[in-house]
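Worksheet for the structure shown next.
Read the figures in this text as sums done on the coordinates, not as results from a lab. It should be emphasised that the depicted structure is a prediction, and the values quoted were computed from it without experimental measurement. Backbone-built Cβ (ideal geometry, glycine too); neighbour counts: all protein chains shown.
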Amino acid sequence: MTAMPLLGPLAAAAPAAAAEPRPLVRASGLTKRFVTGGSWFPSRRRVLTAVDDVSFAVMPGETLGLVGESGCGKSTLGRCLTRLHDLSGGRLEFDGRDIGALPMRRMRPLRAELQMVFQDPHASLNPRRRIGDLLAEPLRVHRLASPSEIEARIAELLASVELPADFSRRYPHELSGGQRQRIGIARALALRPKLIVADEPVSALDVSVQAQIVNLFCDLRDRFNLTYVFIAHDLAVVRQISTRVAVMYLGAIVEIGDVDAIFEAPRHPYTAALLDAIPEPHLGARKARSARLPGKEPPSPANIPAGCRFEPRCARARDRCRKERPRLEAKDGGTLAACHFPL
Amino acid sequence: MPAEPLLQIRDLSVAFRTERGLVRAVEGVSLDVEAGRVLGLVGESGSGKTQTLLSILGLILDPNAVLSGSVRLDGEELVGMPHRRLRRIRGARAAMIFQDPMTALTPVHTVGWQIVEQIRAHSSLSKRAARDKAVALLAECGIPDPARVVERYPHELSGGMRQRVVIAMAVSCEPRLIVADEPTTALDVTVQAQILALLDRLRRDHGTGIVFVTHDLGVVSEIADTVAVMYAGRIVESGPVQALFAAPRHPYTHGLFNSIPPLRGPRPARLTGIPGLPPSRGAPEAGCAFAPRCAYAFAPCAARPPLVPEGGSRVACFLPRETKQGFRRAGEIAA
């Protein structure tokens with residue numbers, strides 16, 4: 001195998017192409033707010049903006065890596081994309097259809113096309129049912145296979161995630177973490193989706209098993225023409241699998257661009273600090289650090305700064321950053337960054 | 001008498017009696033930690049790294065555990081030491097940091113109260129002096145506004161702040177040894193970098209020896225001086241970090257490096273990784289535990305390979321020297 005299949009979709013998604021293909025997902029001004037507390041004392045009610053006015057597009061065949069620290073809103077954004085959360089504002093288009101405000105009943109048939117894989121497959125597999133039943137369930141619900149076809153389809157699904165057919169007789173507790181995640185992926189594949197949103201799908205696995213699952217994600221993408229939104233806090237994994245990367249901070253995308261541009265020449269100080277903080281085993285030595293963040297706590301999403309949201313932790317912050325919120329715009333180097341004074 | 005290292009573990013074995021027979025969680029582990037040095041103990045789930053760590057402080061309390069071997073701290077044997085005496089060592093001369101800081105913190109008292117209790121259990125400081133010391137410790141651990149944080153309850157603090165509080169507690173009695181079980185695994189990378197810098201400062205300023213258990217080879221390269229890689233209850237390779245990272249000699253260590261995607265340089269089309277699954281039931285009775293997953297396994301692997309010196313490290317593998325020298329770190333092109 002060469003590197004070409006990995007890089008192929010990237011070239012196809014270059015914005016300069018004359019006949020620009022239609023994005024599979026287009027989010028504009030996507031916002032999700034939660035109201036917390038105040039069930040007894042309404043005065044204590046607080047509004048928490050988990051996803052704040054986020055706009056981006058995902059082209060067919062692309063893998064968009066969504067990275068950021070805990071609480072940055074990356075999982076909430078993933079759940080908004082699959083409409084597991086209702087949106088508080090903004091538009092969401094999937095395959096040309098506006099799905100941002102579809103009622104659940106009309107959303108249902110679309111669910112086959114946009115599936116989700118979760119971090120903990122143990123929590124999403126019913127322990128009392130055999131693997132075969134768990135894989136048959138989505139097929140029955142969406143009437144995608146007649147009873148006579150189901151068995152063959154299950155064997156096919158197990159084969160596509162590299163598990164033997166006799167696994168259909170087993171129960172989830174008999175499987176290892178990696179095998180359970182394979183079942184989680186097979187379940188998402190069952191409905192032949194166009195988009196898979198994977199939320200930290202490898203972070204609970206041992207490194208040797210993690211590599212197998214990352215490879216599997218890449219193989220399946222090429223085989224079934226899948227588009228991924230891949231959410232992870234592990235930047236090395238995201239770099240391996242993604243064609244584009246979006247970096248989130250306090251509910252907003254602060255930088256988005258081509259995977260190589262983001263990793264080699266980040267323009268936003270937060271992206272740089274994040275990359276700087278990762279220990280690298282392949283260096284074989286202590287990493288020289290330049291952009292270490294001050295020990296300050298990140299502000300909470302209930303209290304987002306009025307200016308640049310990264311300003312309180314940013315070494316480059318100036319007066320303008322406190323007053324004026326930077327917009328996500330093109331910087332030379334190929335990425336879009338929300339920063340007045342990019343690197 | 002020749003100088004003995006701060007911590008000396010010799011031939012440590014931990015087994016558990018279960019309904020399905022004896023499970024060998026740790027088998028024949030020998031390790032040394034010098035004062036002011038950091039040992040990184042690496043392994044995947046079920047490799048026995050946590051059981052090794054717990055047995056250092058006599059924290060394996062399961063009545064079905066069978067423990068043998070020797071653990072000496074400053075020349076004093078800890079295996080078989082009565083609990084009453086162990087309690088005086090724990091917290092004072094050797095402290096532990098867990099992955100989840102809430103393991104070590106009670107939710108019903110302020111963090112100040114908890115640090116003061118810890119200090120007063122092992123010293124004769126007055127309440128007021130202990131409290132001043134708690135504030136100073138929190139400041140040293142990089143907590144902003146420590147005088148206010150001592151009044152807080154653990155639930156009011158973030159994960160990174162809680163872990164700093166636990167570290168402040170661990171160092172409060174100036175222990176000679178800190179054993180840390182995945183202390184940064186649950187934290188964000190930016191916070192992890194701060195905690196690692198903090199531990200590094202502690203060992204430099206106070207000469208504390210640290211045993212740092214992790215599954216993350218990147219963290220090891222950041223903080224450790226020496227590293228021991230465990231697989232199925234045994235050490236398969238150990239040595240100085242630079243030597244071992246520059247040229248891993250054991251196929252398992254090599255496989256671990258190949259499982260981690262590089263952060264710079266060309267991206268491999270596929271990660272080489274390691275086929276199969278880590279064993280879940282401890283060390284096998286005979287043979288090399290890694291052989292079933294090893295691409296290089298050959299006839300001699302049916303016997304158990306001893307851990308022997310080779311190229312600055314120690315390796316438990318029968319493969320010829322030349323084969324092992326051919327192992328390269330993934331992403332090396334980048335360097």
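Collect residues whose amide H, placed 1.01 Å from N in the peptide plane, falls under 5 Å from the amide H of B:Val66; neighbours closer than 5 in sequence don't count.
Those qualifying (amide H under 5 Å, at least 5 residues apart or on another chain) are B:Ala15, B:Phe16, B:Arg17.
Is there a quick way to get the dipole size of the protein assembly as shown? I mean about its Cα centre, with the Cβ of Lys and Arg at +1 and of Asp and Glu at -1; what is the value in debye to the nearest 20?
Computed about the Cα centre, the dipole is about 1400 debye.
Counting DSSP beta bridges with both partners in the protein assembly as shown, what percentage is antiparallel, nearest 5?
60 percent
Please compute the alpha carbon radius of gyration of chain A, then divide it by the globular-protein estimate 2.2 N^0.38 Å. Two decimals is fine.
On the way: Rg = 21.0 Å, N = 343, 2.2 N^0.38 = 20.2 Å.
Ratio of Cα Rg to 2.2 N^0.38 Å: 1.04.
Kirkwood Rh over alpha-carbon pairs of region A:154-236, then Stokes-Einstein at 20 °C and 1.002 mPa s: what D in µm² s⁻¹, rounded to an integer?
Answer, rounded: 162 µm²/s.
Going Cα to Cα from B:Lys133, which aspartates and glutamates come in below 15 Å? Please leave out same-chain ones fewer than 8 positions away.
By straight Cα distance, B:Lys133 reaches B:Glu117, B:Asp145, B:Glu151, B:Glu174.
Which Rg and Dmax, in Å, describe the Cα atoms of region B:8-87?
In Å, with Rg to one decimal and Dmax whole: 12.9, 43.
For region A:114-192, list log₁₀ I(q)/I(0) at each q in 0.24 Å⁻¹, using the Debye formula over Cα point scatterers of equal strength and ignoring solvent, two decimals each.
One equal scatterer on each Cα of region A:114-192 leads to -1.18.
So, in Å, what gap is there between the alpha-carbon centers of region A:226-279 and region B:250-300?
So the two Cα centres are separated by 28 Å.
Could you work out the helix-only [θ] at 222 nm for chain A, with each DSSP H run of four or more residues adding -39,500 (n - 2.57) and the total divided by the number of residues, to the nearest 500 deg cm²/dmol? Mind showing how you got there, number by number?
Working: 12 runs with 112 residues, N = 343.
My calculation for chain A gives -9500 deg cm²/dmol from helical runs alone.
Across 10 Å bins from the origin, how do the percents of Cα pairs in chain B run, short distances first?
Cα pair-distance distribution for chain B, in percent: 5, 24, 32, 24, 12, 3, 0.
Helix B:111-122 versus the longest principal axis of chain B: what is the Cα-based angle in degrees, 0 to 90, to the nearest 10?
The angle comes out near 80 degrees.
Tell me, how many Å apart are the Cα centres for region A:134-197 and for region A:32-60?
Computed from Cα coordinates, the inter-centre distance equals 34 Å.
I'd like the isolated cysteines in chain A, meaning no second cysteine's beta-carbon lies under 4.7 angstrom from theirs.
A:Cys72, A:Cys80, A:Cys218, A:Cys314, A:Cys339
Please report, largest first and rounded to whole Å, the three semi-axes of the ellipsoid equivalent to region B:53-212, where each semi-axis is the square root of five times an eigenvalue of the C-alpha gyration tensor.
26, 18, 15
Helix by helix through chain A, keep the DSSP H runs that span 15 Å or more along the axis on Cα and average at least -0.5 on Kyte-Doolittle, and give those back in order.
For chain A, where a helix must reach 15 Å along its axis and average at least -0.5, the hits are A:131-141, A:147-160, A:177-189, A:207-224.
For region B:191-335, what are the per-bin percents of Cα-Cα distances with bins 10 Å wide, up to the bin holding the maximum?
Spelled out per bin, shortest first, that is 10, 37, 35, 15, 3, 0.
What's the Kirkwood radius of the protein assembly as shown in Å, using all Cα pairs?
Values: mean 1/r = 0.0370 Å⁻¹.
For the protein assembly as shown, inverting the mean 1/r across all distinct Cα pairs yields 27.0 Å.
If you line up the long axis of helix B:189-206 against the longest principal axis of chain B, both from Cα atoms, how many degrees apart are they, to the nearest 10?
Long axis of B:189-206 versus the principal axis of chain B: about 80 degrees.
Taking the dipole about the Cα centre of region B:211-288, with the C-beta of Lys and Arg at +1 and of Asp and Glu at -1, give me whichever of B:Leu244, B:Pro278, B:Gly265 is farthest to the positive side.
Checking the options against the dipole of region B:211-288, the answer is B:Gly265.
Okay, helix-only estimate at 222 nm for chain B: each DSSP H run of n ≥ 4 adds -39500 (n - 2.57), divide by all residues, round to 500 deg cm²/dmol; what do you get?
Using -39500 (n - 2.57) per qualifying helix, the result is -9000 deg cm²/dmol.
Name the residue from A:Ala112, A:Pro279, A:Ser160 whose Cα lies farthest towards the positive end of the charge dipole of chain A, charges +1 on Cβ of Lys and Arg and -1 on Cβ of Asp and Glu.
A:Ala112
Filter A:Lys32/A:Lys323; A:Lys74/A:Lys323; B:Lys49/B:Lys127; A:Lys74/A:Lys331; A:Lys32/A:Lys331 down to the pairs with a C-alpha to C-alpha distance above 32 Å, please.
B:Lys49/B:Lys127
Less than 18 Å from a label point 7 Å out along the Cα-to-Cβ axis of B:Val308: which backbone N atoms in region B:249-275 qualify, by residue?
Correct set: B:249-252.
Please work out the ratio of the alpha-carbon Rg of region B:209-256 to 2.2 N^0.38 Å and round it to two decimals.
1.05
Restricting the calculation to Cα positions, tell me the Rg (one decimal) and the Dmax (whole number) of region A:202-343 in Å.
My reading of the Cα-based Rg and Dmax gives 16.6, 51 Å.
Which whole-percent values make up P(r) of region B:225-283 when all C-alpha to C-alpha distances are grouped in 5 Å steps starting at zero?
Distribution as computed: 4, 17, 22, 23, 19, 12, 3, 1 percent.
Determine Rg/Rh for region B:252-334; Rg is computed over alpha-carbon atoms and Rh is the Kirkwood hydrodynamic estimate from the same atoms.
With Rh from the inverse mean 1/r over Cα pairs, Rg/Rh is 0.99.
In degrees from 0 to 90, rounded to the nearest 10, what is the angle of the helix B:159-171 Cα long axis to the longest principal axis of chain B?
80 degrees
Per-residue HN-Hα couplings for region B:84-97, Karplus 6.51 cos²θ - 1.76 cosθ + 1.60 at θ = phi - 60°, whole Hz, x for Gly and Pro?
Going residue by residue, I get 4, 6, 4, 4, 6, 7, 4, x, 8, 9, 9, 10, 10, 10 Hz, with x marking Gly and Pro.
To check my understanding: the extent here is largest minus smallest coordinate of the Cα atoms along each principal axis. What are those three numbers for region A:77-144, in Å, largest first?
Principal extents (largest minus smallest coordinate, Cα): 40, 27, 17 Å.
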